[in-house]
Amino acid sequence: LHSSSVGQSEPLKSLEGNDIYAAEETIKKSRFIGFASHCTSWDDAQTILESVRKDHPKSRHVCFGFVSSSGAGRNNEGAGTERCSDDGEPTGTAGVPILGAIKGEGLSDTICIV
């Protein structure tokens with residue numbers, strides 16, 4: 001992890017390097033593969049998403065959360081860019097919790113994909 005302070009009361013943390021970290025778990029005969037990577041822009045995040053989709057073409061859902069410290073935040077809070085997707089899962093059951101986990105860890109410039 002790398003820490004930086006961008007006008008925040010607490011420093012933001014981000015993953016280091018260009019590696020994509022992966023973990024796998026099987027729950028009730030469903031296979032879940034999680035990926036996390038450092039990325040500073042939505043363009044970078046989309047490249048990583050496409051790579052995961054290409055590497056796992058049989059995946060039924062590719063849900064994600066993305067947080068970047070750059071860009072204008074909502075309500076002029078300077079929070080940067082946030083995006084998430086449930087990718088066909090029931091609304092609010094995948095992307096929002098992934099995004100919440102990223103933010104809960106105080107991470108920025110990060111995409112997590114499940």
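FYI, it's all coordinate maths here, none of it is from the lab. Here the structure is a predicted model, which is why all the values come from computation and not from measurement. Here the Cβ positions follow ideal geometry from the backbone for every residue, glycine too, while neighbour counts run over all protein chains shown.
Annotations for the structure displayed:
- Additional length obtainable on full extension of the chain from ARG83 to LYS103, 0.36 nm per residue less Cα span: 6.0 nm
- Remark: spin-label model distance ARG53-THR93 equals 2.2 nm, labels positioned 7 Å along the Cα→Cβ axis.
- Each residue of segment 48-56 was assigned a 3J(HN,Hα) from its phi angle through the Karplus expression (A = 6.51, B = -1.76, C = 1.60, θ = phi - 60°), giving 5, 4, 5, 4, 5, 4, 5, 6, 10 Hz with x at Gly and Pro.
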